[in-house]
Every structure is written in C-alpha cells, then in structure tokens.
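Notes to accompany the following structure.
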Amino acid sequence: MKVRLENIGPLRQAEFEVGDMTIICGDNNTGKTYATYAFYGFLLFWEEGFPVNVQENILPPLLDNGVVRLPITKFIRNYHKILERASAQYTSSLWRVFASSENRFKNAKFLMMVEEEELKLRGSYEQTLRTAKRDVISISKSPMANYIEINLLTKQPDRLNGLIPGFVLRKMIGEAVKEIIFGKVFPRPFIASAERTGAAIFRKELDFARNRLLEQMSSMERKLDPFKLLDKVYSDYALPVRRNVDFTRQLETVAKEESFVSKKHPNLLADFEDIIGGTYKIVRNSLYYVPKKGRVRLTMDESSSAVRSLLDVGFYLRHVARPGDILMIDEPELNLHPRNQCRLARLFARLVNLGIKVFMTTHSDYIIKELNTLIMLNHDKPHLKRIMVNEGYRPQELLSSDKIKVYIAEETLLKLPGRERRTRSLTLVPADIDPEMGIEARSFDKTIEEMNRVQEEILFGREADR
C-alpha cells in the first residue's frame, strides 16, 4: 500500500509505502504531520464515507427469484478504478480534514495505490438487513464462492419496495464488496494526535461546552440543523484532533469494552503500566490515574504530563485494539523520559508482532536507536542471545527489518510537473534500513555529530592554542 501526495502542506510531492511499522522523521515544519493526517483521513473516509457503486438494479430479480448472485470478479478487475475514484473524492474534501480553507488545497492531490497481490479476499462474509420487526435481506459470501449472494428473507416480497429503498440495498452490497475485497488491505485507524495532552485535561470542559450548546438549541424557536451546529463546536480543529477529543470525551463508555490485548496479552498492558507508573481507572463515571505506589487517586490535571500524553494509547490498548488495526501516533515521545521512550519503542514492536500496524512521527533519537537494537538482535547468533538475556530483551520484541519503513521529511531536488529544471522542495525520502545495522536516520545523526564536534573543540581546543 502506497500513498502519493502533491501540494499538501509544505510537501510539494511525496510518496511513502506503509509497512507494519512506518516512521516519519525530520525537522519541524517539514510536513510529517500533514502526511500522517492525510493518510488517517483517507482511512476514515474509506471506512465511513466512501461508497462502492453497485450499478445493477437488484430489487426486481430479488423479488422475482428470492435470491441474487453478484460476481465479485468484475469488482476485482476494476479495483484500481475504485481506488482512483475514492482518492479523487477524498482529495476534494482534504481542506475539511485539516480544518482549512478550500482554496489552500485547490492544487492538492492524494492518491492511494495498492498492488493486486495485496488484495486478499475475505473467505466468508455475512450481514443481515433488518426492519423493526423482522429480518428482511441477508448478504453473504461462503469461503470458496466468487460471488456475493443476496437472499430475500421476508415472506411478503411485495412489501419490500416500501420497506427497503433500492439505494439502501445497493449501499449494503457496496459495503460488502469493500469488506470482502479491501477489508484486509485498509486497517481500522486509531490516532493519538500531538494535541492529546490538552484533550485529556479539558475533556469535562468539552463535555460542558457541548451540553450547553444543546441546551441553547432546545430553547430556540426557529428551525435549524442541529448536526451542522454541533459540528461547529470542533470545526476549527483538524479531523484527527476532533476524533481525539471525541474519544477522550467517551472514555467512560469505551471502558466497558475489552480488547484482544486485554484478553490475550495482559503482560503487554503490565508493561505499559510500568511506563506510566500506574494505571487509569474509571470510578463512578470519573477518570483517575492511580500510581503503583500508594493508594492516592489523581485527576488528569493533577497527574504528570506523561500520564496525560499516553491516556489515549492506554485506553486504546486495554479497550479498543483489534488485530489488523493501525495505531497512529504523533510524537509518541511527548513528555517521556529517554528510558520510557525506549520502553515505548519495545512496546510498539510487540504490537507489530501481534498484528497491529504502528504509524508514527518522531523527533526521538532514543526511539530510533532502540528500534535499531531490536532489529540488530533479531539474528540467530550466540552472542546476540547472550546479550538479550543479560539486557532483558524478549523474543516477542524483536523486529525484522523488512517490517519497517522509515522516511525523512527534508528538502531535495524534485522534478515537478510543469517545471523544466529540478527544484529544491520538501518531500519524504526513504531511509536505508540494514538487517545488521538498523535504520540510518541522518535527521538525528547530523545533529548529534555537530554537537559532538563542538564539544570536542571545547575539550581539545586548548591544545591547538598552545
């Protein structure tokens, strides 16, 4: 799966491939967050807003025969056209994703690209369309079938036209096509934006503002669209930030669910609690942080910035995570001590090995170096096994270099459309990743080398003066 960007934020032209772990490094204001938000927005658009067109008139043959079989092969043959249409529709709404002006994104382009071999069809699928009183239609696919089967379940087919409009049925079939063909290609996204710390502190105030708006709406006599008005509460913020706010506001509801990590890998949650030094608790509809030492319960504004910055990730891991997801996090190192940045890198590696993709932007040399260690240790050599035991590394933390894609946001010479000469522009440059040596993150290496050079001059410069 590859993403191509044009004229999105400071990125004039860029392309990146999504791996099991994808990392974007680089200086400030070089487009890392723009690339992340654009990709997240597409995944959400694909999941919630993009319809796969089903052109055939399904209702008449369904009413006549009680069953219709729709071949999947024609959708597979045209899958690239489906993606092109989705990319074009999404591009037209990019300005909304970034809460910006439409004019700012008039020359933008977003293109999602998937190779045919990446399409791994779901073996089985089943969905039932219900009215208030009965099951009406089932849409299914058996493991070996190359078609979708639509079955009429009601004994009163003459009433179907009144119960189920044709466009609703086509939409359901389109959703089935999306899930069967692309369900294993596009992961379900969860994002923790760089603004997550503030959302953790002010989540109750955000609730209050929303409730107060509802009260004002109920007292108005003139007609208005309540959904448009509610949307304006957060319309000044980018879509990922709005999703962060909504997730944080609903933690009491989120906490009622249990993720596969919680059920099958509680030791991973224990490692996460070691990073934050405690646990999050919902007590009588109130959120607290409970440190491991002592019985005190702290509210979010009483807790450390590190506790607040990992709140979303903690609730995601314990209550939401599913295999096949993608966890997207902007600057995971926010407010973390270097030791905990390294521990977080190891936790991310474990998530990748459990089937959850990780996509991050980072300024942390510690995270990159720790990932390098996990790559370098992932070889069957006696001295590496000895180091693992001595240093406390575990097999489930080791990473294969082919699972990681790293990009540096930086200026380079590009051949832009309509330009005869190459122009220096911001783009994403893939970093070299060696199975033996790990990631070459020159974004950090150059700064570290400069610091070392200055310190060497300070220490040894006196000898040159003699």
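The values are calculated or read from the model by the stated rules, or taken from the named source; none is laboratory data. Since the structure is predicted, the reported quantities are computational estimates derived from the model, not experimental observations. For neighbour counting, all protein chains shown are included, and Cβ atoms are generated from backbone atoms with ideal geometry for every residue, glycine included.
Key figures for this structure:
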{"read-out": "Among the candidates Arg466, Arg453, Arg421, residue that is modelled with pLDDT under 70 and either more than 22 Å from Asp365 (Cα to Cα) or out of contact with any Phe, Trp or Tyr (no Cβ under 9 Å at 6 or more places or on another chain) (or both)", "value": "Arg466"}
{"read-out": "Arg318 being out of contact with any Asp or Glu (no Cβ under 7 Å at 6 or more places or on another chain) and more than 29 Å from Asn29 (Cβ to Cβ)", "value": "yes"}
{"read-out": "Test: residue in region 278-293 that is part of a helix (DSSP H, G or I), in contact with a strand residue (DSSP E or B) (Cβ under 9 Å, 6 or more places away or on another chain) and closer than 16 Å to Leu347 by Cβ", "value": "no"}
{"read-out": "Search result, residues across region 88-105 that are aliphatic (A, V, I, L, M) and surrounded by 14 or more Cβ atoms within 10 Å (Cβ to Cβ)", "value": "Leu94, Val97, Ala99"}
{"read-out": "Region 148-202 - residue that is at pLDDT below 80 and hydroxyl-bearing (Ser, Thr, Tyr) and, of those, surrounded by the most Cβ atoms within 10 Å (Cβ to Cβ)", "value": "Thr197"}
{"read-out": "Residue among Leu426, Leu399, Leu384 that is within 27 Å of Glu333 (Cβ to Cβ) and part of a strand (DSSP E or B)", "value": "Leu426"}
{"read-out": "Residue list for region 48-63, filter: modelled with pLDDT of 85 or more and either surrounded by 15 or more Cβ atoms within 10 Å (Cβ to Cβ) or in contact with a helix residue (DSSP H, G or I) (Cβ under 6 Å, 6 or more places away or on another chain) (or both)", "value": "Phe50, Pro51, Val52"}
{"read-out": "Odd one out for Pro60, checked against (1) of a type outside the set (Val, Ile, Thr); (2) out of contact with any Ser or Thr (no Cβ under 9 Å at 6 or more places or on another chain); (3) in contact (Cβ under 8 Å) with a residue 12 or more places away in the chain", "value": "(3)"}
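Let's see how each residue does on (1) more than 22 Å from Ala14 (Cα to Cα); (2) loosely packed, with under 14 Cβ neighbours inside 10 Å:
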| position | (1), (2) |
| --- | --- |
| Leu347 | yes, no |
| Asp365 | yes, no |
| Glu370 | yes, no |
| Ile375 | yes, no |
| His383 | yes, yes |
| Arg421 | no, yes |
| Thr427 | no, no |
| Pro435 | yes, yes |
| Gly438 | yes, no |
